[in-house]
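Following: one structure in C-alpha cells, then a few remarks.
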Amino acid sequence: MRAVPALFFTLMAGLPLRAAAQALPDSLHAAIREAAAEYERMRTSKAPHQLQQNNFCDEQVGPWCVVWDRGRPRELPPEPKEVIDARNRAIDAYSSAFNIAPSDTLVASFLVRYLVEADRARDALNVARSFSETGANATLADFLHGFALHALGNDARAEGYYARGMMQMTPADRAEMHDLLMLLDKDEKRKYMPLPGSQKGAYHERLWRLADPLYLTPGNESLIEHFTRRVYASMLAAAPAPEPNRRFSGPETELTMRWGVAAAITMAYSAQGRRQVHHSHPNQLTYVPPAMLTKGPLPRFEPGGAWPYDTVRQFSGYAPRTIRVMQVLEHQLTRFPGENVIRVDYVLPADSAVRYPARFEVGLFVLDSTYAILAEVRDTVTAERAGTTGVLTLALPAGAAAYSAEALDLDSRIAGRARYAMAPLGATLVLSDLAIISGHADAPPATKASADFQPFASLVLQRGTPIALYAEANGFRVTGDQVNYRVDLEVLEQERPGVFSRTVRRLGQALGLSQEEIAPRITWEQQQAAAPVTSISLKLGAIQLEPGLKLFRVTVTDAATKQNAVVERLVRVE
C-alpha cells in the first residue's frame, strides 16, 4: 500500500493537464488555487477547540487523535461558518473554471468533491455528467459518477459506474482499489498476507458479502463506500496542504479508509499538547469484519446479545445513508428439513422516531458458506404499534449455512438485522431446530399446522412465561408400523461467554413441571405411528430459571438403532 494514494494521479495519466490548465485565464487559475488552499486551511484552523484530559484518544493515528463516537450520547459540534463560507467560495471559483474548461480533470474532481461535502450531491452528479460528455477521461468520469451517486444513496447505480471504471484500469491499480489491509487487525493481516491470489480473492468476496449492511437494499453499500473512500483519499492527496510542510500522507489515508470522512474535526488541548481530533458518526456500524481468519466465521445467534462485531475493539466504521440506526433483530429461526422449510418469527425494530402505522420492508436471506445468497423472500408489512411481530417462510435450499433476517422502516430508516450461522443438520437421524413456543394451550401441538404452534418471535423471555418445546424428526427405523424413541432434555447455564457446562439442577422445578423433581435431566420415551415426519413436543410450565442466558439441549435416540441426534437452542431469561 502506497503511503500517499497514487490512484488520483494514475487517473490523470495520459491527459494534457497543463494544456487544460493554460486554457484558464491566469487570474482564474490563481483564484481556484487560492480558494482550494483557503478551504483546506479553514478545515483545521477553524476547527472548534476543546479542553481534554490526558489520554482521551481512543486511538492515535499519526498526528490525529481518533475518538470513537459510536453509541455515545454527546452531540458533535456543527461545522464552523468560516469553513462553510470558504467551501462556498471554492465552489464558486471552481464552477467558473469548469464552465471555461469542463475537460480539466483537476477542476472537475475538486468541484465534485466540494459539492458532495456541501450536501449538493445532485449538483455534483451534473458536473460528473458534463465532464463525461467531454470524453477527456472515461475512467475518471465513471469514478466521479460513482462518487456522486454514492452520496445520493444510489449505490446500485454507483456500483455499475465503479465496476466499469475499474475495467479500464491496470491490474495493479484495480488491486489498489480493492486493497483492504488497513481494515484488518494485525493478527488478521499476518494470516491474510501469505494467502495466494485466488484465496485472497475468495476472502474479499466473503468479506464484502458479510459487510453489506442490508441485503434488502440495492447494491453493496459497504463495498461502494470502500471505493468511494479510495477515490476521496486520492482527491485529498492532490489538494493543497492545510499547513506548510503538512501534506496529506499515510495517517490521513488510514483515517479515510477506516472511518471515512470525519463527521466532525475538533482541536483538542491537554497537558500533552494540541491534537487534531477525528470524530466518527455516532451511528456508525462496524465497517467490515476485522478478523474472519483469526476469529472464525459468523457465530450463532445469542438472544438479547449485541451484534458480534460490535463487541470487539472498533477497528473501522461506516454509517450507511439508507439506515438511521441498526438494531439486532430479535427473532427465532427454525428449519424443518423433513419438509424443506425454513421459518423466521421476528419482532420489528422500534424506537421513538418510528411513526405508527409504519411500513417496513422485511426479508429472509439464506446464505451458503461463502455468504452468497442461495434463496430469499421479501415482503412489505405494516406495523400498527411497537412490538409488532411477523413470520417469513421459505423453501430450505441445499448448502444453507447462514442466514440474514432483516427489516427496514421506510420512513424513519430504523433497521433490524440478524445475520448468523446455522448449526449443521444430521445425516441419518435428522432433527429440525428446536422451536420454543407458547405454552398457554392445554396440550402441546401435535403438528406445526396446529393453531397452538406459536413460536416466540423473541427468545428473550420473562421469568414465569409458560413455554412448550417442539421439534420434528425423520430417519427413525420403523418397527412394524411404529417408531420408538427416547428424548432427553437438559438446560445448561453459561459459565463464561460461549461456554455452557453447568447443568441446571432440579430441572423439573425450574421448568415449572414438578416441585419434587430434583434430577438435572428430563427424560421420556415415546411410541408413535410411523410417518414421514415425526412430531416431538413437550408442554412445560411457567419457567422459573434464574435470569441469564440458557442453553436448551434436546437429545433424541432411536430405540431400534441407538443412533441419536442433538439439537440446541439459546434462550435468555429476564
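Some notes on this structure:
- On the stretch given as region 199-221, residues that are outside any helix (DSSP H, G or I), surrounded by 18 or more Cβ atoms within 10 Å (Cβ to Cβ) and in contact (Cβ under 8 Å) with a residue 24 or more places away in the chain total 7.
- Extreme residue, farthest from residue 219 (Cα to Cα), among residues of region 126-141 that are buried (at least 22 other Cβ atoms within 10 Å of the Cβ) and without any contact (Cβ under 8 Å) to a residue 40 or more places away in the chain: 131
- Output for region 536-563, where each listed residue is in a loop (DSSP other than H, G, I, E, B), among the β-branched types (Val, Ile, Thr) and crowded, with 17+ Cβ neighbours inside 10 Å: 543
- Looking at 37, 30, just one residue is touching a Pro at 6+ places or on another chain (Cβ under 6 Å), surrounded by fewer than 17 Cβ atoms within 10 Å (Cβ to Cβ), modelled with pLDDT of 85 or more and assigned by TED's automatic domain parsing to the domain that holds residue 98, and that residue is 37.
- When 216, 236 are checked against the criterion of being hydrophobic (A, V, I, L, M, F, W, C), farther than 30 Å from residue 102 by Cα and in contact with a Phe, Trp or Tyr (Cβ under 9 Å, 6 or more places away or on another chain), 216 stands alone in meeting it.
- Single unsatisfied condition, residue 391 versus (1) among the hydrophobic types (A, V, I, L, M, F, W, C); (2) in a strand (DSSP E or B); (3) over 30 Å from residue 529 (Cβ atoms): (3)
- Tallying residues that are in contact (Cβ under 8 Å) with a residue 60 or more places away in the chain and crowded, with 21+ Cβ neighbours inside 10 Å within region 88-100 yields 3.
- Criterion (farther than 30 Å from residue 33 by Cα, of a type in the set (S, T, N, Q) and at pLDDT below 90) met by exactly one of 270, 222, 249, 198: 270
The values are calculated or read from the model by the stated rules, or taken from the named source; none is laboratory data. Only a predicted model underlies this, so the values are computations on that prediction, with no experimental measurement involved. When we count neighbours, we look across all protein chains shown, and the Cβ atoms used for this are built from the backbone with ideal geometry, even at glycine.
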